[in-house]
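The values are calculated or read from the model by the stated rules, or taken from the named source; none is laboratory data. All values derive from a computational prediction rather than experimental measurement. Positions of Cβ are generated from backbone atoms using ideal geometry, with glycine treated the same way; all protein chains shown enter the neighbour counts.
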Amino acid sequence: GQQLNQSPQSMFIQEGEDVSMNCTSSSIFNTWLWYKQDPGVGPVLLIALYKAGELTSNGRLTAQFGITRKDSFLNISASIPSDVGIYFCAGPTGSGTYKYIFGTGTRLKVLA
Amino acid sequence: DAGVIQSPRHEVTEMGQEVTLRCKPISGHNSLFWYRQTMMRGLELLIYFNNNVPIDDSGMPEDRFSAKMPNASFSTLKIQPSEPRDSAVYFCASRPDRGRLDEQFFGPGTRLTVL
């Protein structure tokens, strides 16, 4: 079945550093979503991508839809302590517009 | 506007007991989802309702799990009898049927521990 693998699994960075993470799929996706989960709460959608090669920004976050349609990347520039959390990629699975498979997550810790 | 509301936030119970998790979706949202999150399996969709009707329950692990949505503002997920392997964080999410269909709004989750 479809799987979404994220790397790295976890990362510790210094405040102010840039962060890069990626998500790879065993099959093609037409949509890529990036969510962030803060400790103790549910995931919140950060960025949605709909077209191969698309590059979309949301503040200090930039995500790209890989041209093979089997991967996506998320970059965070000038990290701050509130960037701490788990970042998930997600993509639609099956027919319809409701079922999404979520990646394994990248746990980010920012050291002040 | 209040987000998705879940209760309780934490539940500790003993194996064999019945557990009921509750969810109030965002007003006006037609779709409701129940997810389970564990370290081993990540975030998994359990069941999806649209306009109070269960559309896809293929993710429900077994007959011990059941979910209902008696009206547009309330849903329950019940586990009976509960087992230690049911320990997880259970999220409810909702989404409107218009606009960006891929954005689901998650509640804060219920952390369930079955001893």
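Do you know which residues across segment B:48-90 are within 11 Å of chain A (Cβ to nearest Cβ), closer than 15 Å to A:Tyr98 by Cβ and touching a strand residue (DSSP E or B) at 6+ places or on another chain (Cβ under 7 Å)?
Looking only at segment B:48-90, we keep the residues that are within 11 Å of chain A (Cβ to nearest Cβ), and these are B:48-50, B:55-56, B:58-59, B:89-90.
Imposing the further condition that a residue be closer than 15 Å to A:Tyr98 by Cβ reduces the set to B:48-50, B:55-56, B:58-59.
Hits for segment B:48-90 are B:Tyr48, B:Phe49, B:Asn50, B:Ile55, B:Asp56, B:Gly59.
Scanning segment B:4-18 turns up at least one residue that is more than 19 Å from B:Val114 (Cβ to Cβ) and either assigned to a strand (DSSP E or B) or modelled with pLDDT of 95 or more (or both).
Of the residues making up segment A:10-37, those that are part of a loop (DSSP other than H, G, I, E, B) and modelled with pLDDT of 95 or more number 4.
Considering the conditions (1) part of a strand (DSSP E or B); (2) over 26 Å from A:Gln3 (Cα atoms), B:His29 is excluded by exactly one of them, (1). Of all residue pairs spaced 6 or more apart or on separate chains, those with beta-carbon atoms under 6 Å, a first member in segment A:8-33 that is within 14 Å of chain B (Cβ to nearest Cβ) and a second member that is polar (S, T, N, Q) are A:Cys23/A:Gln6; A:Cys23/A:Ser72; A:Trp32/A:Ser72. Taking segment A:43-112 as the region of interest, the strands (runs of 3 or more DSSP E) fully inside it that hold 2 or more residues being touching a residue at least 40 places away in the same chain (Cβ under 8 Å) and closer than 18 Å to A:Asp18 by Cα are A:71-76, A:85-92, A:106-111.
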